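All remarks here apply to the structure that follows.
The values are calculated or read from the model by the stated rules, or taken from the named source; none is laboratory data. Note that the structure is a prediction, hence the values are computed from the model and not measured. FYI the Cβ positions are ideal-geometry reconstructions off the backbone, even for glycines, and counts take in every protein chain you see. We work out accessible area using only protein heavy atoms, side chains counted, and drop any ligands, DNA or RNA first. Shrake-Rupley method; radii C 1.70, N 1.55, O 1.52, S 1.80 Å.
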Amino acid sequence: MIDTHTHLDTRGLEDLELMALTLEKVVTLAHDPFEMKTLDVWEVHLNKVLSEIKRGEKVGLDVYVCLGIHPRAIPPSVDEAIKLLEKYIKLNKVVAIGEIGLEKGDKKEEEAFIKQVEFANKVGYPIVVHTPRRNKEKITKKILELLQTFNLKVDVVIDHCNKEIINSVLDQGYYAGLTVQPGKLTADEALNLIKDNLDFSDKIMLNSDTSSNYSDVLAVPKTVLKMKLEGIDKEVIEKIAKKNAESFFKF
């Protein structure tokens, strides 16, 4: 099993050890731990995210990294930040650009998002896209419209999908990330979305969004257990819990 979206730098080592008991791999992403008032502060954050690889090694957890500019943590110069990203993505176990996206959908966020999609497309890295808790349907529509303006050569996952947006995401050929976390999806709600979209089982991934918010580090294995108890085909479970992530992140 693979947890495709976490923020391990917000959790204690005991949580990483607990994840190592059931998960083969975990992906941790850049996010918004504080206001990025300077480019230096943002770069410190990137290095903190990268340090989770070694923290994971201490407890036997295989950690991979996504780096990018979160819409709630945009540094003063997006162009300079992307120049730094060009250096960082070459580091071992950096597998995607993310999480990027829109929160409020204002011009500043759109500019940062567009520039990062352009960059990811140029360097050939998959993209992990954040969608907000509030106004999710409206903001996701804007995200999808922006993505349609590109001739994309890389895979994209639209994360934190719910019943309002999952059909639009899957119909347009993107991966759908199901986040099992209080305030997003329960394991039962994720299970129902999977059952309703079995024809798209090769485009669905699971995550816990483990962070400083209320989170369950075992959300992915608990959801997989519900899938097994529901009688979902083993091959479908294997795709959603593991194979799709391996295909997307290429690890």
Say R0 is 30 Å: what FRET efficiency, to the nearest 0.05, do residue 171 and residue 104 get from their beta-carbon distance? 0.75
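Which whole-number value in Å³ per residue fits the convex hull of the alpha carbons of segment 61-136?
Values: hull volume 7.4 nm³, N = 76.
Here the figure is 97 Å³ per residue.
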Averaged over all directions, how much area does the convex hull of the C-alpha atoms of segment 1-73 cover when projected, in nm²? 4.4
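Given the convex hull of the Cα atoms of the chain, what is a quarter of its surface area in nm²?
Numbers: hull surface 47.4 nm².
Convex hull of Cα atoms, orientation-averaged projection: 11.8 nm².
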For a quick check of your reading of the filter: which GluC sites (Glu not before Pro) in segment 122-191 sit in a DSSP loop and have no more than 13 other Cβ atoms within 10 Å? 164
Consider all pairwise Cα distances in segment 1-127 and report the whole-number % of them above 19 Å. 46
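Given only helices, namely DSSP H runs of n ≥ 4 each adding -39500 (n - 2.57), what is the per-residue ellipticity at 222 nm of the chain, to the nearest 500 deg cm²/dmol? Walk me through the numbers before you get to the answer.
On the way: 11 runs with 106 residues, N = 251.
Here the helix-only value at 222 nm equals -12000 deg cm²/dmol.
Over all directions, what mean area does the Cα convex hull of segment 179-242 project, stated in square nanometres?
Values: hull surface 15.6 nm².
With every direction weighted equally, the projected area is 3.9 nm².
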Each label sits 7 Å from Cα toward the beta-carbon; between residue 111 and residue 91 the label points are separated, in nm, by 2.7
Could you give the semi-axes, largest first, of the ellipsoid that matches segment 121-181, computed as the square roots of 5 times the alpha carbon gyration tensor eigenvalues and rounded to whole Å? 19, 12, 10
Rank 88, 64, 214 by accessible area, highest first, at a 1.4 Å probe radius? 214, 64, 88
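Starting from the Kirkwood radius over alpha-carbon pairs of segment 64-106, derive D by Stokes-Einstein at 10 °C in a medium of 1.306 mPa s and give it in µm² s⁻¹. Before the final figure, lay out the partial values.
Values: Rh = 11.0 Å.
This corresponds to a translational diffusion coefficient of 144 µm²/s.
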Could you tell me which of 128, 116, 154 has its Cα farthest along the dipole of segment 99-154 towards the positive end, charges placed at Cβ (Lys, Arg +1; Asp, Glu -1), taken about the Cα centre? 128
Note down the nm distance, to one decimal, between modelled labels 7 Å out along Cα→Cβ at residue 77 and at residue 186. 5.0
So how strong a dipole does the chain carry about its Cα centre when Lys and Arg Cβ are +1 and Asp and Glu Cβ are -1, to the nearest 20 debye? 180
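Which helices count as membrane-span-like in the chain under these terms: full DSSP H, at least 27 Å along the axis by C-alpha, Kyte-Doolittle mean of -1.0 or more? Intermediate values should be presented prior to the final figure.
Values: long enough: none.
Helix filter hits for the chain: none.
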Have a look at 140, 227, 92 and report the one farthest towards the positive end of the charge dipole of the chain, computed about the Cα centre with Cβ charges (Lys/Arg +1, Asp/Glu -1). 92
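Over the chain, what is the relative contact order in whole percent, taking alpha-carbon pairs under 8 Å and six or more residues apart? All intermediate terms of the calculation are to be shown ahead of the outcome.
Details: 463 pairs, mean separation 48.6, N = 251.
With pairs under 8 Å counted, the relative contact order is 19 percent.
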Relative contact order of segment 157-225 (C-alpha contacts under 8 Å, at least 6 apart) in percent is 31
